[in-house]
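As structure tokens, the structure follows; a few thoughts come after it.
The values are calculated or read from the model by the stated rules, or taken from the named source; none is laboratory data. The shown structure was predicted, so the numbers you read here are calculated from the model rather than taken from an experiment. So basically every Cβ, Gly included, is an ideal-geometry build from the backbone, and we count neighbours across all protein chains shown.
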Amino acid sequence: MKKITRKLLVITISTLSISVCAQTSSPKQPFFPKGSLLYGDVNYAGDTLKKHLLDVYLPPVVKESYPVIIWIHGGAWMLNDKYADMGYMQKTVQGFIDNGYAVASIDYRWSTSAPFPAQIQDCNQAVEFLYQNASKYKLNRDKFGVIGFSAGGHLASLLALSNNNNIKEFYPNGNKPHFKIKLALDFYGPSNFLSLKGTDVNDPKSPVNLLLGAYAIERPDLANIASPVTYVDKNDPPFLIVQGEKDESVNYTQSVLLSSYLKLAGVKNELIIVPNAPHYGVMLDAEEIRKRVFYFMDEYLR
């Protein structure tokens, strides 16, 4: 690892180049910049499920279209909603809007009501909805990036890495979507379930076992299908990976492993290990991290 500040450790990979709803002007999240526009609780699946809703936030500066970052929340695949993680990442969220990016935050079904692959099916369906309705929401359909946190980081990585494959089980209708992911920002998402520290092999209600609908140790085939590293290849988009050194829920070697797979495939990526940082919190919204986030976004989403 190379130390670039007293507060931040960065592993830079050698292949990196240098990483029907009404519109309102009162976003539900008060920390969005004044004048931001919200299309809230948009149903992306054409049904009545509350977990099939998304929000689109647009910058106050009016343009024909905006590059978009798609926000996927964490919560062990069985908690939280499309507003989660924004509270401790306020400066990053504000920066997205201030720098001219749209933000689309999506909900997905919890594992307690639908096991995998329901979650990645929902993510694919939501992003395809945004792609097909890009003009309506002033989104640049050629500039889609994704960001996720914990379980959302896993789904963001899985979405990005499987995007250039044809995994029919990952699509609600079995048809490959049309969108392309240009950049993935993975915040402490599990990358390989068979090496995820702390997975209780005897507990059917542990997050991973509940997600899979089976014991991971007894169904390594399912665990591999659900693991992002399974889909790494040379055609994947650039990655910025961020994780706390003291993460008590997702061992930081999960991020190191993902970065290593990407490096071997020749995919541009950067890994940031934040010293003493826990599983989530304001330490991950630090200025040094935000600089790298916006460098990657300006490099690959402009």
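Within segment 139-148, identify whether any single residue is surrounded by 18 or more Cβ atoms within 10 Å (Cβ to Cβ) and not in a strand (DSSP E or B), and answer yes or no.
No - not one qualifying residue is present in segment 139-148.
Within segment 156-171, how many residues are surrounded by 15 or more Cβ atoms within 10 Å (Cβ to Cβ) and more than 25 Å from residue 217 (Cβ to Cβ)? Working first, answer last.
Residues of segment 156-171 that are surrounded by 15 or more Cβ atoms within 10 Å (Cβ to Cβ), as a first pass: 156-164, 167, 170-171.
Applying the additional criterion that residues be more than 25 Å from residue 217 (Cβ to Cβ) yields 156, 159-160, 163-164, 171.
Of the residues in that region, 6 qualify.
Count, please, the residues in segment 260-279 that happen to be buried (at least 24 other Cβ atoms within 10 Å of the Cβ) and either assigned to a helix (DSSP H, G or I) or not small (Gly, Ala, Ser) (or both). Break it down stepwise before answering.
Kept after step one, since they are buried (at least 24 other Cβ atoms within 10 Å of the Cβ), are these residues of segment 260-279: 262, 269, 271-272, 274, 277.
With the extra rule that they be either assigned to a helix (DSSP H, G or I) or not small (Gly, Ala, Ser) (or both), the set shrinks to 262, 269, 271-272, 274.
Summing the residues that are buried (at least 24 other Cβ atoms within 10 Å of the Cβ) and either assigned to a helix (DSSP H, G or I) or not small (Gly, Ala, Ser) (or both) in segment 260-279 gives 5.
Would you tally the residues in segment 245-258 being surrounded by 24 or more Cβ atoms within 10 Å (Cβ to Cβ) and among the small types (Gly, Ala, Ser)?
Of the residues in that region, 1 qualify.
For residues that are of a type in the set (Asp, Glu) and touching a strand residue (DSSP E or B) at 6+ places or on another chain (Cβ under 7 Å), tally how many sit in segment 203-253.
1
Which of the residues that make up segment 203-244 are in contact with a Gly (Cβ under 9 Å, 6 or more places away or on another chain), within 28 Å of residue 284 (Cβ to Cβ) and surrounded by fewer than 20 Cβ atoms within 10 Å (Cβ to Cβ)?
206
Sort through 103, 93 and tell me the only one that's at pLDDT 95 or above, in contact with a Leu (Cβ under 9 Å, 6 or more places away or on another chain) and among the hydrophobic types (A, V, I, L, M, F, W, C). Reasoning before the result, please.
Details: 93 fails: in contact with a Leu (Cβ under 9 Å, 6 or more places away or on another chain).
Going through 103, 93 in turn, the sole match is 103.
Report whether or not residue 200 is surrounded by 19 or more Cβ atoms within 10 Å (Cβ to Cβ), of a type in the set (D, E, K, R) and either over 20 Å from the mean Cα position of the chain (by Cα) or modelled with pLDDT of 95 or more (or both). Can you show your working first?
Details: surrounded by 19 or more Cβ atoms within 10 Å (Cβ to Cβ): no; of a type in the set (D, E, K, R): yes; either over 20 Å from the mean Cα position of the chain (by Cα) or modelled with pLDDT of 95 or more (or both): yes.
For residue 200, the condition - surrounded by 19 or more Cβ atoms within 10 Å (Cβ to Cβ), of a type in the set (D, E, K, R) and either over 20 Å from the mean Cα position of the chain (by Cα) or modelled with pLDDT of 95 or more (or both) - is not met.
Could you please tell me which pairs satisfy a Cβ distance under 9 Å, a separation of 6+ or placement on different chains, a first residue in segment 176-192 that is surrounded by 19 or more Cβ atoms within 10 Å (Cβ to Cβ), and a second residue that is among the charged types (D, E, K, R) and assigned to a loop (DSSP other than H, G, I, E, B)?
Pairs that qualify, where the first residue is surrounded by 19 or more Cβ atoms within 10 Å (Cβ to Cβ) and the partner is among the charged types (D, E, K, R) and assigned to a loop (DSSP other than H, G, I, E, B), are 181/236; 184/236; 187/85; 188/247.
Spot the failing condition for residue 56; the list is (1) of a type in the set (A, V, I, L, M, F, W, C); (2) in contact with a His (Cβ under 8 Å, 6 or more places away or on another chain); (3) not in a loop (DSSP other than H, G, I, E, B), and only one is missed.
Only one criterion is unmet by residue 56, namely (2).
When you look at residue 130, is it buried (at least 20 other Cβ atoms within 10 Å of the Cβ), modelled with pLDDT under 95 and out of contact with any Gly (no Cβ under 8 Å at 6 or more places or on another chain), yes or no?
Details: buried (at least 20 other Cβ atoms within 10 Å of the Cβ): yes; modelled with pLDDT under 95: no; out of contact with any Gly (no Cβ under 8 Å at 6 or more places or on another chain): yes.
So residue 130 fails the test.
Quick one: would you say residue 81 is within 17 Å of residue 56 (Cβ to Cβ), in contact with a strand residue (DSSP E or B) (Cβ under 8 Å, 6 or more places away or on another chain) and charged (D, E, K, R)?
no
Between a residue in segment 37-51 that is under 18 Å from residue 110 (Cα atoms) and at pLDDT 95 or above and any residue that is assigned to a loop (DSSP other than H, G, I, E, B) and among the small types (Gly, Ala, Ser), which pairs come within a Cβ distance under 6 Å, given they are 6 or more apart or on different chains?
none
From 159, 130, which residue is in a helix (DSSP H, G or I), over 13 Å from the mean Cα position of the chain (by Cα), within 21 Å of residue 239 (Cβ to Cβ) and not hydroxyl-bearing (Ser, Thr, Tyr)?
On the way: 159 fails: over 13 Å from the mean Cα position of the chain (by Cα).
The match here is 130.
Residues checked against (1) crowded, with 17+ Cβ neighbours inside 10 Å; (2) among the basic types (Lys, Arg):
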| position | (1), (2) |
| --- | --- |
| 35 | no, no |
| 40 | yes, no |
| 51 | yes, yes |
| 87 | no, no |
| 101 | yes, no |
| 110 | yes, no |
| 115 | yes, no |
| 118 | yes, no |
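Would you confirm whether any residue within segment 294-302 is in a loop (DSSP other than H, G, I, E, B) and either among the hydrophobic types (A, V, I, L, M, F, W, C) or within 11 Å of residue 244 (Cα to Cα) (or both)?
Within segment 294-302, the first condition is being in a loop (DSSP other than H, G, I, E, B), and the residues that meet it are 301-302.
Of the ones still in play, those that are also either among the hydrophobic types (A, V, I, L, M, F, W, C) or within 11 Å of residue 244 (Cα to Cα) (or both) are 301.
Checked against the condition, which is being in a loop (DSSP other than H, G, I, E, B) and either among the hydrophobic types (A, V, I, L, M, F, W, C) or within 11 Å of residue 244 (Cα to Cα) (or both), segment 294-302 yields at least one hit.
Could you grab me the full set of residues in segment 51-75 that are more than 22 Å from residue 142 (Cβ to Cβ) and over 20 Å from the mean Cα position of the chain (by Cα)? Spell out how you get there, then give the answer.
Keep residues of segment 51-75 that are more than 22 Å from residue 142 (Cβ to Cβ), which gives 51-53, 60, 73-75.
Once the filter is applied, which keeps residues that are more than 22 Å from residue 142 (Cβ to Cβ) and over 20 Å from the mean Cα position of the chain (by Cα), segment 51-75 yields only 60.
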